[in-house]
Ligand code: TXA
Ligand code: MG
């Protein structure tokens, strides 16, 4: 049965979180409840990471398969030692450079940490978020906080409290509403338990930045289906998916835009509601019958990343039957944007050239 409760929404200042509100939310975490909170990447659905029952509520509320492991969020380095053992030397300079921030390290799990947080694996994913509300909450709770993204399974991640409520109202005890998240894409997940450091999910910290410290870091060949090693790739591709069908176009930019424009027109003519997810500069190509969501300038991957999930949700809310979008480049944050688009499209990618 799905975890059900009365949801309370508490507004909180994202720069200087009110101590009384934090205390109230921290008490809920300590009592085994669920608290959704903002991080710099996306909203998390939090529970006491040392309490197996609380963790199982996360899975139940999100309707998330038990085979999909969850990240433990910490506020200081001492907490890593409560969660992980045999920490490799490479972890320390990474933590010095990128924590607090959008980097998650996969380490060997300490024996006292509940197995269900890691879906039974002998590893544990650990991240120290930078967001003041997340930090204050973990500090006040006095325990690491297990938190997947605060969306229901396979929906786009939540970058605002209203998205959390769309998916989880009645299934989370408290939502701390600290406004819109700044990065908008989830953390980079870096596995340090193997021979070479492997990026299981591209995210807020780029491959290029990681390679400055870890020259042999590489993207997992299966980075588009990282959510569990056990599940079939096809199944795991379905992620960040809006209700509408998504098609991603890649290739020569002019050919891509011409094809998107033509496809939009054809589909409208055949009676479909068509949404497009595009850069600001591309917007003028589409007429008023197309539902246009601008993500930001072509060259501003930060803005595109920030706006992506909200734009997918918005097009869904507008009743789009199909969403046409394009490749925005794969360097830097582009790798994370591309990964989320491919997943939203469930692999539905069209290569176009003149
Ligand atoms: O930015 C983020 O990472 C957000 C915020 C809330 O911190 N959290 C988030 O969690 O995106 P979630 O559960 O939606 O995604 C966690 C990712 C999944 O791809 C999961 O498979 C991977 O991390 N992961 C977690 N624990 C793992 C482990 N022990 N081994 C390998 N991958 C793991
Ligand atoms: Mg997620």
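Suppose the filter is within 29 Å of residue 309 (Cβ to Cβ), at pLDDT 95 or above and within 11 Å of ligand 1 (Cβ to nearest atom); does residue 103 pass it? Yes. Look at residue 300 and say whether it is under 20 Å from the mean Cα position of the chain (by Cα) and surrounded by fewer than 20 Cβ atoms within 10 Å (Cβ to Cβ). Answer is yes for this residue. Every residue in the stretch 159-209 that is out of contact with any strand residue (DSSP E or B) (no Cβ under 7 Å at 6 or more places or on another chain), within 11 Å of ligand 1 (Cβ to nearest atom) and touching a residue at least 40 places away in the same chain (Cβ under 8 Å), please. Within the stretch 159-209, 159, 181, 183, 184, 185 qualify.
Pairs linking a residue in the stretch 297-317 that is without any contact (Cβ under 8 Å) to a residue 12 or more places away in the chain to a residue that is surrounded by fewer than 21 Cβ atoms within 10 Å (Cβ to Cβ), with Cβ atoms under 8 Å and 6 or more positions apart or on different chains, are 303/296; 303/297.
Those strands (runs of 3 or more DSSP E) of the stretch 236-354 in which 1 or more residues are closer than 21 Å to residue 163 by Cβ occupy 245-251, 274-278, 291-294, 322-326.
Does the stretch 276-283 include one or more residues that are at pLDDT 95 or above and over 19 Å from residue 329 (Cβ atoms)? For the stretch 276-283, residues at pLDDT 95 or above and over 19 Å from residue 329 (Cβ atoms): absent.
Taking first residues from the stretch 129-152 that are more than 18 Å from residue 102 (Cβ to Cβ) and within 16 Å of ligand 2 (Cβ to nearest atom) and partners that are part of a helix (DSSP H, G or I) and modelled with pLDDT of 95 or more, the Cβ contacts under 9 Å between residues at least 6 apart in sequence or on separate chains come to 152/61; 152/62; 152/166; 152/167; 152/168.
Quick check on my filter: what residues within the stretch 13-37 are touching a strand residue (DSSP E or B) at 6+ places or on another chain (Cβ under 6 Å) and within 22 Å of residue 72 (Cβ to Cβ)? Answer for the stretch 13-37, where residues must be touching a strand residue (DSSP E or B) at 6+ places or on another chain (Cβ under 6 Å) and within 22 Å of residue 72 (Cβ to Cβ): 25, 28, 29, 34, 35, 36, 37.
Every condition in (1) assigned to a strand (DSSP E or B); (2) within 16 Å of ligand 2 (Cβ to nearest atom) holds for residue 176 except the one numbered (2). Looking across the stretch 137-150 at every residue that is away from ligand 1 (no atom under 14 Å from the Cβ) and either touching a strand residue (DSSP E or B) at 6+ places or on another chain (Cβ under 9 Å) or assigned to a loop (DSSP other than H, G, I, E, B) (or both), the one that is nearest to residue 14 (Cα to Cα) is identified as 141.
Using the structure shown, decide if residue 307 is over 24 Å from residue 183 (Cβ atoms) and surrounded by fewer than 21 Cβ atoms within 10 Å (Cβ to Cβ). So residue 307 does not fit the description; no.
The values are calculated or read from the model by the stated rules, or taken from the named source; none is laboratory data. Source: prediction; values computed, not measured. Methodologically, a virtual Cβ is constructed for each residue, glycine included, from the backbone with ideal geometry; neighbour enumeration extends over all protein chains shown.
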